[in-house]
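The structure appears below as structure tokens.
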Amino acid sequence: MIEIRRMRPEDAEAAARLEAVCFSHPWSAKAFAQCAADENVCYLMAWEGEKLVGNCGVRNIAGDGEITNVAVDPACRRQRVGTELMNKLLETGRSMGIEAFTLEVRASNQAAIRLYESFGFLLEGTRRNFYEDPREDALIYWKR
Ligand SMILES: CC(C)(COP(=O)(O)OP(=O)(O)OC[C@H]1O[C@@H](n2cnc3c(N)ncnc32)[C@H](O)[C@@H]1OP(=O)(O)O)[C@@H](O)C(=O)NCCC(=O)NCCS
């Protein structure tokens with residue numbers, strides 16, 4: 001049974017540990033703690049008991065929602081945790097006044113691309129060589 005709730009400052013260490021497993025340039029616990037304290041930012045965390053199995057966040061920039069840090073524990077993937085998190089994040093974002101959502105994703109990240117496209121995100125642009133380790137283009141998606 002998965003429970004999704006908003007990140008609190010004391011959850012920042014757990015978020016950073018999951019981040020380190022999922023990304024080559026992981027965010028620090030300090031960065032997550034700052035986000036948890038920022039009223040324009042909402043991070044959601046999916047818990048299975050005491051274990052953090054996924055998280056994601058959105059920053060409200062004058063009505064545009066920038067989605068970041070979508071991550072699911074490797075052992076828990078393909079069990080709709082990402083889908084549940086995204087569903088709740090879009091709902092929460094709308095309640096914060098967000099009218100359009102955007103995100104960037106590595107061009108080779110088929111799992112994430114399919115997840116976002118299943119929510120109606122559309123490809124609107126590319127940033128050449130945006131990512132490092134490995135160097136790769138970013139695809140820019142919007143859901144308006
Ligand atoms: C992308 C990610 C968050 C998906 O989380 P998840 O919980 O496994 O996703 P879900 O189980 O909700 O999958 C939803 C849909 O996304 C697509 N999908 C997810 N993983 C996939 C994979 N490995 N290959 C192909 N499609 C995939 C499928 O369409 C899937 O639906 P289906 O299982 O009915 O076919 C997860 O793979 C992850 O954490 N990856 C590493 C971090 C990352 O790249 N984050 C995105 C940064 S932009």
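Figures for the structure shown
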item: Most mobile listed residue (Ala33, Ala16, Ala111) in the chain, GNM with C-alpha springs under 10 Å; result: Ala111
item: Antiparallel bridges, percent of DSSP beta bridges restricted to the range 55-113 (to nearest 5); result: 65 percent
item: DSSP-defined beta bridges in the chain - what % are antiparallel, rounded to 5; result: 90 percent
item: Under 26 Å from the Cα of Lys51 - lysines, other chains or at least 8 residues apart; result: Lys30, Lys88
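Quick note: the coordinates plus some simple rules give every number you see, no bench work behind them. Only a predicted model underlies this, so the values are computations on that prediction, with no experimental measurement involved.
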